[in-house]
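Coordinate-derived values only; no laboratory data. Just so it is clear, the model here is predicted, and its values are computed rather than measured. Note that we place each Cβ from the backbone using ideal geometry, even for glycine, and neighbour counts take in every protein chain shown.
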There are 2 protein chains.
Amino acid sequence: MNDAHVRPVERAIRALTRAFGNRVVTAPAVRAQHANTTTWLPNEPPDAVVYAQSTADVQAIVRICAAERVPVIAFGAGTSLEGHVNAPRGGICIDLKDLNRVLAVHAEDLDCVVEPGVTRKALNEYLRDQGVFFPIDPGADASIGGMTATRASGTNAVRYGTMKDNVLALKAVLANGEIIKTAQRARKSAAGYDLTRLFVGSEGTLGVITEITLRLAGIPEAIAAGTCAFPTVGAACDAAIMTIQSGIPVARIELLDALQVRASNAYSKLSLPEQPMLFLEFHGSSAGVAEQSAQFAEIAREFGGGAFEWAVAAEDRSRLWQARHDAYWAALGLRPGAKSLATDVCVPISRLAECVTATQRDVAECRLVAPIVGHVGDGNFHLSLLIDMNDSDEIARADGLLERLVKRAIAMEGTCTGEHGVGQGKMKYLAAEHGAPALAAMEAIKRALDPQGIMNPGKIVPQDG
Amino acid sequence: MNDAHVRPVERAIRALTRAFGNRVVTAPAVRAQHANTTTWLPNEPPDAVVYAQSTADVQAIVRICAAERVPVIAFGAGTSLEGHVNAPRGGICIDLKDLNRVLAVHAEDLDCVVEPGVTRKALNEYLRDQGVFFPIDPGADASIGGMTATRASGTNAVRYGTMKDNVLALKAVLANGEIIKTAQRARKSAAGYDLTRLFVGSEGTLGVITEITLRLAGIPEAIAAGTCAFPTVGAACDAAIMTIQSGIPVARIELLDALQVRASNAYSKLSLPEQPMLFLEFHGSSAGVAEQSAQFAEIAREFGGGAFEWAVAAEDRSRLWQARHDAYWAALGLRPGAKSLATDVCVPISRLAECVTATQRDVAECRLVAPIVGHVGDGNFHLSLLIDMNDSDEIARADGLLERLVKRAIAMEGTCTGEHGVGQGKMKYLAAEHGAPALAAMEAIKRALDPQGIMNPGKIVPQDG
């Protein structure tokens, strides 16, 4: 009876502890680690962290939280950039790292079934000798569950698509504790609402994903990678645009501006000319790869690009892409002690050069340091704002820059985020991007599937708790 | 005041007539034409048909219907096969054929914006001299709106994906009369719930689609098509499976069983050997196409296939694909006077040969006539059951066969429909395929966006009107 005076979250923690023992952790350090750590957003820790080991565990945790109307925040690898795992209203964080089994590989169907805690690198390690691979590669070694929940993308998206194109089906625990499977394993279906795509990118606000069926790709017979320098960012973008428009099935085409090249040279021990640069990769048959790279070389010449510098050996190729994936850390090296605010927008590719160039000008005018990297084949680029968090004027200038960046992208029929997701950081832009009626439709869907508002509240759509 | 004794639908028709004059039609013949006509499902006509000419018209019609709680059924080209446009509860059919403008073509971004009444052939005619094309091709000259609403697919899906992969954004009028735009024109986005994919395949039950932004593909430099005969359906499927698994980027790979070949020979004046047959097409550079077809030829040999018969001239290629698209009509010719019940299922490709073979055996055991064609690269195949609608025993046998076909596909981790959609015909299978909790989630979404149940009621999910 004296339980009535206990806060709901405390009652939930007691019930969870009865069920899960020492897999329930309330130590402040662990809680802080499970809140947002990779941006300038404040760290808002959950009240407790529970380490789940199965879908049934997740179901039991959600049911306990639902009974007490306590928030549930799913946690994968913690690599998100927009505050997705913060707990602004407290609640229970479900750490999914122990749901890390590859449940099935159907190489003949080019798919596999995994638990959400499997990371993309662990998956590719597992698949290594089966002739298939999982192509989606955000820089970090993110978990497949987190990548699904945030509709992640990366350098291969221009050829292989994003998570929306590569999740065939998923299992999720809903706010009401029910377990749904969104689709069968068939490659396509017209059987009802596309719950798969609704959950991909829903950031834990509609349910907790506990199993994912992924498309895989065959390992190409031949891979060729290399770099090509350009006189200006505009020229590099134009070469990328022409490459896409020409239908060259490039697997990766990544822009680094001169500042990022300088940062990556220092961090990754490269010796690239400090000019805007495209990193490219071609996949196909030996003849196909040779043909694609010759076609690209011709386009590069047309836009004043330098020679295409091959990375022939597999180690050189790995080194190149490791450098690309380390761009975030390299950028930090440009200004030790600064915090990096990594953001992204995406525009129709015809507007890319204009958007990147205007953004560079804006950065210069604001006297900020912000290297640019981009998945330019998709029209998607990143800005790493390096901010001295003790300088309130600089913070204010960065804030203004971000607002203008998003406004610029939306005005060009683009989006406030191509791949980082909404989380807390981009919520304020959704009305401008989608309009009030579409946002109201999202809110109606959220209320329909989570009437108590317990699933990762305070993310994507506003909702009273 | 005596209006109170008038049925709601009559009040709606009066209001519509005040607004739209003779664009409101209640003639029985027109109403019957706007109900389902292409299956054995009974024709259930709407109470009136309104010819809309703009999104604003659609909004006005939906608002009038919402005020009277009268059903709204969107109508494109009327080519659907599962009763999607029937009006089991009466109501107002919105005919969208006059919303037939191509609003923009952005060849440089490989996209375009169209109204829903544009048909796929009209669109490709329009795009012809711009170096781009729209690849999705269900057999019929369906409207883009209908194709979007039913998540249509077709012969090119193995290479270019389905409507879910090729709709970038859409505009829709919701049940509350609000107009939403689901996404920007950027190629990818992580900005909130994927309303685009939720509406693709929603069959008019969540709103009426009034504008669609489509991905386009560059017209390939070279195209090669041809046919290849196989000793058995199993061998043809195995060759298709191996082709996909080998990563050959085949653009089309279509199966016709021996019976369908006989039908198509007669209907389309071909002279193919009456054996299971693959129709194929390769897209790419000249060298790439040559390489792909050589690789396929090797696979075909391995599975006892005959020589690959080229259709080199563009006319021969058109004739071949016209024959494939006319398979439905050709099948009818096998049994004049019969009704064709065209159905489809889709399974993981590794199970395809087994599923097709078991289905053929079942057809024979039921003493039915049912040629098979299939988009075998996707694991998707069609059965055209030719039924004497005066023979109740035959109808019962066909019914039983369909049940078993769906059960077989689902047991193989497949779906009750790869591309035809749910409509009325496949509603009864959704619980078996998705399970009660997932179906309940679909119902919750339907109620959230259409609380009065006026948008195409009696399709996909059960809901009280």
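Using C-alpha pairs below 8 Å separated by at least 6 residues, the relative contact order for chain A is 15 percent. The Cα trace of region B:375-465 gives Rg and Dmax of 15.5, 44 Å, the first to one decimal, the second as a whole number. Sorted from nearest, the other copies put their B:Asn22 label points 8.6 nm away, the label point being 7 Å from Cα in the direction of Cβ. Among the chymotrypsin sites (Phe, Trp or Tyr not before Pro) in region B:126-181, none is located in a DSSP loop while being surrounded by at most 14 other Cβ atoms within 10 Å of its own Cβ. First select every other residue whose beta carbon is under 14 angstrom from the beta carbon of A:Gln53; then total the charges, Lys and Arg +1, Asp and Glu -1. Net local charge, A:Gln53 excluded: -2. Within chain A, antiparallel bridges make up roughly 85 percent of the DSSP beta bridges whose residues both belong there.
Among DSSP beta bridges whose residues both lie in region B:8-160, state the antiparallel percentage, nearest 5.
On the way: 7 of 15 bridges.
Approximately 45 percent, going by the DSSP bridge assignments.
Fully extending the segment from A:Trp40 to A:Lys121, taken as 0.36 nm per residue of separation minus the present Cα-Cα distance, adds 26.5 nm.
I'd like the per residue volume of the convex hull spanned by the Cα atoms of chain B, given in cubic angstrom. Write out the running numbers ahead of the final one.
Values: hull volume 69.7 nm³, N = 465.
Hull volume normalised by residue count: 150 Å³.
Please compute the average number of Cβ atoms from other chains found within 10 Å of each residue's Cβ in peptide B:257-269.
On the way: counts 0, 0, 0, 0, 0, 0, 0, 0, 0, 0, 0, 0, 0.
Mean shielding count: 0.
Taking a point 7 Å from the Cα of A:Ala396 along the Cα-to-Cβ direction, none of the residues of region A:11-50 has its backbone N closer than 13 Å to it. I need the calculated FRET efficiency for the pair B:Ala56 and B:Arg335, taking r as the beta carbon distance and R₀ as 45 Å, to the nearest 0.05. Here the calculated transfer efficiency is 0.40.
Restricting the calculation to Cα atoms, the protein assembly as shown yields a radius of gyration followed by a Dmax of 27.8, 87 Å. Sequence-distant contacts, meaning Cα pairs under 8 Å at least 6 residues apart, place the relative contact order of region A:329-411 at 37 percent. By the count of other C-beta atoms within 10 Å, a proxy for reagent exposure, A:His325, A:His382 are ordered fewest to most as A:His325, A:His382. Net charge in the neighbourhood of B:Asp362 (other residues with Cβ under 9 Å of its Cβ; Lys, Arg +1, Asp, Glu -1) is +2. When the helices of chain A are scored as -39500 (n - 2.57) per DSSP H run of n ≥ 4 and the total is divided over every residue, the value at 222 nm lands at -11000 deg cm²/dmol. Taking 20 Å as the limit for the C-alpha separation, the pairs B:Lys426/B:Lys459; A:Lys339/A:Lys428; A:Lys459/B:Lys164; B:Lys164/B:Lys188 exceed it in the case of A:Lys339/A:Lys428; A:Lys459/B:Lys164.
Bridging of A:Lys446 to aspartates and glutamates at a Cα separation below 12 Å is possible for A:Glu203, A:Asp464, once same-chain residues fewer than 8 apart are set aside.
Annotation: aspartates and glutamates with alpha-carbon distance below 16 angstrom to B:Lys97 (same-chain offsets under eight excluded): B:Asp57, B:Glu115, B:Asp141, B:Glu211. What the Cβ-Cβ distance of A:Asp129 and B:Glu309 gives, at R0 = 41 Å and to the nearest 0.05, is a FRET efficiency of 0.60. In the assembly of identical copies, A:Glu125 has its label point, taken 7 Å from Cα in the direction of the beta carbon, separated from the corresponding points by 5.9 nm (ascending, one decimal).
Taking each residue in A:245-251, count the Cβ atoms of any other chain within 10 Å of its Cβ, then average. What number comes out?
Details: counts 7, 3, 11, 2, 3, 0, 0.
Mean partner-chain Cβ count within 10 Å for A:245-251: 4.
Please label the shape of region A:43-86 as rounded, prolate or oblate, based on the square roots a ≥ b ≥ c of the eigenvalues of the alpha-carbon gyration tensor (a/c under 1.5 means rounded; beyond that, a/b larger than b/c means prolate, else oblate). Numbers along the way, then the final one.
Details: a/c = 2.52, a/b = 1.47, b/c = 1.72.
Note, shape of region A:43-86 comes out oblate.
The relative contact order of region A:349-456, computed from alpha carbon pairs under 8 Å that lie at least 6 residues apart in sequence, is 17 percent.
Shape class for region A:222-326, computed from the alpha carbon gyration tensor (a ≥ b ≥ c): oblate, with a/c not under 1.5 and a/b at or below b/c.
Note on B:Lys269: aspartates and glutamates with a C-alpha under 13 Å away, same-chain residues under 8 apart excluded, are B:Asp316, B:Asp326.
I'm a student and want to see the number: the projected area of the Cα convex hull of region A:100-215, averaged over all directions, in nm².
Details: hull surface 27.7 nm².
That works out to 6.9 nm².
Within 10 Å of each Cβ of A:456-462, how many other protein chain Cβ atoms are there on average? Intermediate values should be presented prior to the final figure.
Details: counts 0, 0, 0, 0, 3, 2, 0.
Neighbouring Cβ atoms belonging to other protein chains average 1 per residue here.
Legend: ranking of residues A:Phe279, A:Phe75 from fewest to most surrounding C-beta atoms inside 10 Å; resulting order A:Phe279, A:Phe75. Inter-copy label distances at B:Lys428, using a point 7 Å along Cα-to-Cβ, come to 5.6 nm with the shortest given first.
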